[in-house]
Amino acid sequence: MKRPGKAARLLREAKESEDEEEKERLGKEARSFIMSRIRGKDTSPELLVRSWVREAGYRYRLNDRRFPGSPDIYVPRLRLAIFVNGCFWHLHGCASTKVPVGASSYWLMKLERNKERDAWNYRRLEDMGVHVLVVWECEIRTKSRREKARDSFLQDLRRMDTLASRKQNDVI
Ligand code: ZN
């Protein structure tokens with residue numbers, strides 16, 4: 001399991017919920033999330049994005065806690081933090097966000113808070129001079145979207161590489 005923190009957080013939220021119905025639903029949500037992580041291990045979006053970074057020839061670190069939001073992937077050479085976000089959990093606002101009709105305000109508030117925390121983390125990273133790239137799950141769901149996302153991702157990396165080289169030359 002790559003992100004035990006997330007599963008643990010879900011379970012804790014389920015445990016802390018005061019509403020019995022909510023509690024049960026959150027618990028179910030957490031379990032199915034964990035199962036999907038286990039089942040989808042080899043095809044997970046993070047693995048795909050990692051393969052892009054590797055392909056481009058960069059070394060990277062995973063979930064580096066020294067940076068705000070513990071980026072899924074951090075590329076030291078480019079000072080780049082990459083987040084691979086699930087559309088639902090991070091409230092992307094696309095069709096895949098699918099917040100269930102009649103969802104409680106408690107639940108919506110949780111998701112809204114996730115989104116605010118993301119924005120706050122990205123700002124702090126940028127203040128530190130770290131680039132931020134977000135890859136959304138909906139962008140890599142189908143083969144054609146995946147190819148498009150990969151192209152623009154690699155293009156972004158090349159652009160940052162040029163910037164990084166220029167900065168190094170300035171120092172020298
Ligand atoms: Zn999305």
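A few comments on the model shown:
- Set of lysines near LYS6 by C-alpha distance (under 22 Å), chain-local residues within fewer than 8 positions excluded: LYS15, LYS23, LYS28, LYS41, LYS98, LYS110, LYS115
- Dipole moment magnitude, nearest 20 debye, the chain about Cα centre, only Lys, Arg, Asp, Glu C-beta charged: 720 debye
- Here r is the Cβ-Cβ distance between MET128 and GLU55 and R0 is 30 Å; the resulting FRET efficiency, rounded to 0.05, is 0.65.
- Förster radius 25 Å - calculated FRET efficiency between ASN169 and LEU62 (Cβ-Cβ, nearest 0.05): 0.25
- With Cα atoms defining each centre, the stretch 101-157 and the stretch 7-25 are spaced 24 Å apart in the structure.
- Among GLU21, GLU112, GLU13, the residue with the largest mean-square fluctuation in a Gaussian network model of the chain, with springs joining Cα atoms closer than 10 Å, is GLU21.
Read-outs: derived from the displayed coordinates by stated rules, not from any lab. Keep in mind that what you see is a predicted model, and the values were worked out from it rather than measured. When we count neighbours, we look across all protein chains shown, and the Cβ atoms used for this are built from the backbone with ideal geometry, even at glycine.
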